[in-house]
1. Please report, largest first and rounded to whole Å, the three semi-axes of the ellipsoid equivalent to the chain, where each semi-axis is the square root of five times an eigenvalue of the C-alpha gyration tensor.
2. Can you put TYR39, TYR61 in order, fewest other beta carbons within 10 Å first?
3. Tell me the relative contact order for the chain as a rounded percent, counting alpha carbon contacts under 8 Å between residues six or more apart.
4. Can you run phi through the Karplus equation (6.51, -1.76, 1.60; θ = phi - 60°) for the stretch 39-54 and list ³J(HN,Hα) in whole Hz, with x for Gly and Pro?
5. Lys and Arg at +1, Asp and Glu at -1: add these up for the other residues within a Cβ distance under 12 Å of TYR61 and post the number.
6. I want the local charge near CYS19. Using Cβ-Cβ distances under 10 Å, sum +1 for each Lys or Arg and -1 for each Asp or Glu among the other residues.
7. Rank these for me by crowding, MET1, MET27, going from fewest to most other beta carbons within 10 Å.
8. List PHE56, PHE15 from most exposed to least, where exposure is judged by having the fewest other Cβ atoms within 10 Å.
Amino acid sequence: MVAEVGKEFVDAAVFGFLCVIDGVRAMGEDGAVVDFELYCKKGDETVRLNPGQGEFLHDLYNSQ
């Protein structure tokens, strides 16, 4: 039971973190939504991982 609670806690924490990165969950005491930009660079190619449109990271995580 303790392991299951720990697993659910980690799952909720990762999901919440990705929601903040995706800009769909407020962060901070004032309830402001912050626009994070997360990029992946390989050689000369740079890709934004959370473009604000299309599939969100938290949805991709939830589908796994």
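Every number here is computed from the coordinates shown, using simple stated rules; none is lab data. Nothing here was measured: the structure is a model prediction, and the numbers come from that model. Cβ atoms come from the backbone with ideal geometry, glycine included; neighbour counts cover every protein chain shown.
1. Over the Cα atoms of the chain, the semi-axes work out to 25, 17, 10 Å.
2. TYR39, TYR61
3. Worked out over the chain, it gives 26 percent.
4. Ordered by residue, 3J(HN,Hα) equals 10, 10, 10, 9, x, 8, 8, 10, 10, 7, 7, 10, x, x, 9, x Hz.
5. That works out to -4.
6. Local net charge: -1.
7. Least to most surrounded, the residues fall as MET1, MET27.
8. Sorted ascending by nearby Cβ count, the order is PHE15, PHE56.
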